[in-house]
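Right, one structure below, let's go through it.
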Amino acid sequence: MHLYESHYYGGAWQAPLGAGAIDVLSSATEAVVGRVPRGTSADVDRAVAAARDGFERWSRVSVEDRAQWLEKLAAALKPRVPHVAEAITHEVGTALSYATKVQVEFPIMMIGMNARFLRNATFEEELGNSLVVKEPIGVVGCITPWNYPLHQVVCKIAPALAAGCAVVLKPAEIAPLSAAMLADAAHEIGLPSGVLNIVFGEGKVVGEAIVAHAGVDMVSFTGSLAAGRRVAAVAGDGIKKVCLELGGKSAFVVLDDAPFEKAIPAGVNNCMQNSGQTCSAWTRLLVPRSRHDEAVALATGALAKLTMGDPFDAATRLGPLASAAQRDRVLGYIEQGRSEGATLVAGGGRPADRPVGYFVEATIFANVDPAMTIAQEEIFGPVLSVIPYDTETDAVRIANESIYGLAGGVWSASKERSLAVARQLRTGQVDINGGRFNALAPFGGYKKSGVGREIGPLALHEFFQLKAIQQ
Ligand code: ADP
């Protein structure tokens with residue numbers, strides 16, 4: 001049981017000013033595994049005051065010292081890896097081995113990488129008779145979702161702190177424990193007070209209070225399109241900079257000359273990672289109409305290899321979804337796919353042998369029409385839509401017929417062909433011919449997938465202001 005009774009701001013654990021707590025549930029057993037306070041706007045007021053105070057001092061700390069603080073934070077998290085991974089496996093349902101690597105070790109590595117990005121950054125440039133200076137933007141409100149809880153927090157706070165900003169963070173109420181453990185680590189190393197401040201609670205209460213607060217200069221948000229729209233509106237009222245990482249409906253375009261036996265399983269694995277609770281997941285598989293049935297057979301074969309079960313079991317690849325609400329949402333979309341006439345070829349409901357926990361069978365729909373709801377809306381669960389196309393031009397058009405533009409994939413026997421298609425996709429990321437994730441690459445969306453970029457050295461620059469001094 002992970003019990004946290006306080007918020008963390010001003011360098012100390014602070015008693016909540018309101019009453020109430022939020023239970024954190026295990027997604028596999030539905031048992032209570034943790035608790036955090038249910039914050040109020042009064043808690044936010046105090047945390048923002050602490051952050052303003054922290055910013056005054058932190059923004060004057062030297063680049064080298066800030067880099068060293070980040071390295072100390074990463075080092076303090078390392079011994080906590082099993083503890084944090086266990087918490088996230090309960091909260092999100094991510095299989096433990098994947099959670100350990102992707103949900104915990106990778107974000108810790110990213111904290112260290114940000115120290116390097118900071119040391120390599122340039123802060124001044126002469127342009128004509130101007131000296132252009134980069135300065136930290138101020139206090140950043142960070143609001144994060146539950147799917148990759150520590151990763152999403154680190155994507156924001158590591159570059160923000162590196163840039164010299166102070167942060168007020170509200171982690172997702174469904175998965176807040178890793179953020180609390182991050183505060184434990186920050187406290188242990190004596191991170192200067194007011195630099196990292198955390199208020200637990202609900203989006204509509206604590207989240208909105210952070211976004212609206214006059215003491216917050218910028219908001220970095222990751223979550224759904226609906227909440228992002230609200231965050232952008234409230235921040236707009238205060239003329240605040242926003243960085244938004246929202247939804248996705250990414251397409252994987254398999255061209256007619258691709259090695260299907262390699263490409264299709266890669267597409268299925270991408271779609272199903274973290275049980276489909278991944279904003280950049282390739283949830284639309286676009287295949288030539290003439291090879292549709294072959295692709296579907298390969299996809300169902302690949303899916304059958306992904307064992308569903310207890311996320312703490314070493315054999316498990318697919319755990320449950322994070323919450324009952326998410327399970328019901330995903331089941332609703334599966335129902336809609338059926339009623340709109342898509343062909344269900346795998347999965348399609350709750351697994352009969354798992355009445356407890358938020359499990360949903362990994363599901364494939366074939367012969368999906370691009371206009372169907374399951375091909376347009378973000379499902380955020382283990383559901384793949386196979387969409388046939390006639391020509392390459394058609395494939396590009398279908399891939400781009402989305403309000404989202406986060407990620408995508410292309411596979412062809414020819415790198416040039418893949419690259420030509422990749423250039424036509426209106427998305428922030430495209431992997432061609434199995435190109436691997438790169439922690440140096442900027443990550444973010446076109447269209448309604450968001451504004452701004454995270455990850456890599458470029459992310460640091462989101463947290464700077466530019467000042468031109470004419471001389
Ligand atoms: P999901 O829970 O499906 O990831 P949300 O977008 O609802 O998506 O949640 C992402 C984060 O945004 C969570 O921390 C949530 O509490 C927060 N949030 C939700 N609504 C708002 C809002 N109106 N203002 C600020 N934050 C919000």
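The values are calculated or read from the model by the stated rules, or taken from the named source; none is laboratory data. Quantities reported herein were computed from a predicted structural model and do not represent experimental measurements. Using ideal geometry, Cβ is built from the backbone for each residue, glycine included, and neighbour counts are taken over all protein chains shown.
Restricting the range 73-89 to residues that are surrounded by fewer than 24 Cβ atoms within 10 Å (Cβ to Cβ) and touching a Gly at 6+ places or on another chain (Cβ under 9 Å), the residue that is nearest to ALA166 (Cα to Cα) is ALA74. GLY223 - would you say it is closer than 25 Å to ALA87 by Cα, out of contact with any His (no Cβ under 9 Å at 6 or more places or on another chain) and more than 16 Å from the ligand (Cβ to nearest atom)? No.
This table checks each residue for (1) touching a Cys at 6+ places or on another chain (Cβ under 9 Å); (2) surrounded by fewer than 19 Cβ atoms within 10 Å (Cβ to Cβ); (3) farther than 20 Å from ILE374 by Cβ.
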| site | (1), (2), (3) |
| --- | --- |
| HIS292 | no, yes, no |
| ALA295 | no, no, no |
| LEU306 | no, yes, no |
| PRO311 | no, no, yes |
| ALA315 | no, yes, yes |
| GLY319 | no, no, yes |
| ALA325 | no, yes, no |
| ASP328 | no, yes, no |
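Evaluate the range 194-216: report whether one residue or more is assigned to a helix (DSSP H, G or I), away from the ligand (no atom under 13 Å from the Cβ) and not acidic (Asp, Glu). No, every residue in the range 194-216 fails to be assigned to a helix (DSSP H, G or I), away from the ligand (no atom under 13 Å from the Cβ) and not acidic (Asp, Glu). Looking only at residues in the range 317-344 that are in contact with a strand residue (DSSP E or B) (Cβ under 7 Å, 6 or more places away or on another chain) and in contact (Cβ under 8 Å) with a residue 12 or more places away in the chain, the one that is farthest from the ligand (Cβ to nearest atom) is THR343.
Scanning the range 155-180 for residues that are in a loop (DSSP other than H, G, I, E, B) and either within 13 Å of the chain's Cα centre (by Cα) or under 14 Å from PHE221 (Cα atoms) (or both) yields PRO171, ALA172, ALA175. Within the range 380-387, can one find any residue that is under 26 Å from the mean Cα position of the chain (by Cα), surrounded by fewer than 24 Cβ atoms within 10 Å (Cβ to Cβ) and at pLDDT 95 or above? No, the range 380-387 contains no residue that is under 26 Å from the mean Cα position of the chain (by Cα), surrounded by fewer than 24 Cβ atoms within 10 Å (Cβ to Cβ) and at pLDDT 95 or above. The set of residues in the range 347-397 that are hydrophobic (A, V, I, L, M, F, W, C), under 27 Å from VAL421 (Cα atoms), in contact with a helix residue (DSSP H, G or I) (Cβ under 8 Å, 6 or more places away or on another chain) and assigned to a loop (DSSP other than H, G, I, E, B) comprises VAL368, MET372, ILE379, PHE380. Here ARG338 passes the criteria (1) out of contact with any helix residue (DSSP H, G or I) (no Cβ under 8 Å at 6 or more places or on another chain); (2) outside any loop (DSSP other than H, G, I, E, B); (3) closer than 17 Å to GLY276 by Cβ; (4) not β-branched (Val, Ile, Thr) except the one numbered (3). Regarding the range 116-125, can at least one residue be identified that is of a type in the set (Lys, Arg), out of contact with any helix residue (DSSP H, G or I) (no Cβ under 8 Å at 6 or more places or on another chain) and either buried (at least 21 other Cβ atoms within 10 Å of the Cβ) or at negative phi (or both)? The answer is no, given that none of the residues of the range 116-125 is of a type in the set (Lys, Arg), out of contact with any helix residue (DSSP H, G or I) (no Cβ under 8 Å at 6 or more places or on another chain) and either buried (at least 21 other Cβ atoms within 10 Å of the Cβ) or at negative phi (or both).
Of everything listed in (1) away from the ligand (no atom under 11 Å from the Cβ); (2) touching an Asp or Glu at 6+ places or on another chain (Cβ under 7 Å), the single unmet condition for GLY267 is (2). When VAL296, VAL234 are screened for being within 16 Å of the ligand (Cβ to nearest atom), over 30 Å from HIS90 (Cβ atoms) and either modelled with pLDDT of 95 or more or under 16 Å from the mean Cα position of the chain (by Cα) (or both), only VAL234 passes. So is GLY138 in contact (Cβ under 8 Å) with a residue 60 or more places away in the chain, farther than 30 Å from ALA212 by Cα and either more than 18 Å from the chain's Cα centre (by Cα) or within 16 Å of the ligand (Cβ to nearest atom) (or both) or not? Considered against the rule, which asks whether it is in contact (Cβ under 8 Å) with a residue 60 or more places away in the chain, farther than 30 Å from ALA212 by Cα and either more than 18 Å from the chain's Cα centre (by Cα) or within 16 Å of the ligand (Cβ to nearest atom) (or both), GLY138 comes out as no. Looking only at residues of the range 398-434 that are part of a loop (DSSP other than H, G, I, E, B) and within 23 Å of THR343 (Cα to Cα), we find that the one that is nearest to the ligand (Cβ to nearest atom) is SER402. Filtered by the rule that a residue be more than 9 Å from the ligand (Cβ to nearest atom) and under 24 Å from LEU161 (Cβ atoms), the range 240-264 gives LYS240, LYS241, VAL242, CYS243, LEU244, GLU245.
Selection over the range 181-193 of residues that are assigned to a loop (DSSP other than H, G, I, E, B) and either under 20 Å from the mean Cα position of the chain (by Cα) or within 13 Å of TRP13 (Cβ to Cβ) (or both) gives a count of 1.
Pairs are defined by a Cβ separation below 8 Å, a sequence spacing of at least 6 or placement on different chains, a first member in the range 146-158 that is within 13 Å of the ligand (Cβ to nearest atom) and of a type in the set (S, T, N, Q), and a second member that is modelled with pLDDT of 95 or more and in a helix (DSSP H, G or I); the pairs so defined are ASN147/VAL92; ASN147/ASN274. For the range 230-240, does any single residue satisfy the condition of being surrounded by 24 or more Cβ atoms within 10 Å (Cβ to Cβ) and under 24 Å from PRO370 (Cα atoms)? Checked against the condition, which is being surrounded by 24 or more Cβ atoms within 10 Å (Cβ to Cβ) and under 24 Å from PRO370 (Cα atoms), the range 230-240 yields no hits at all.
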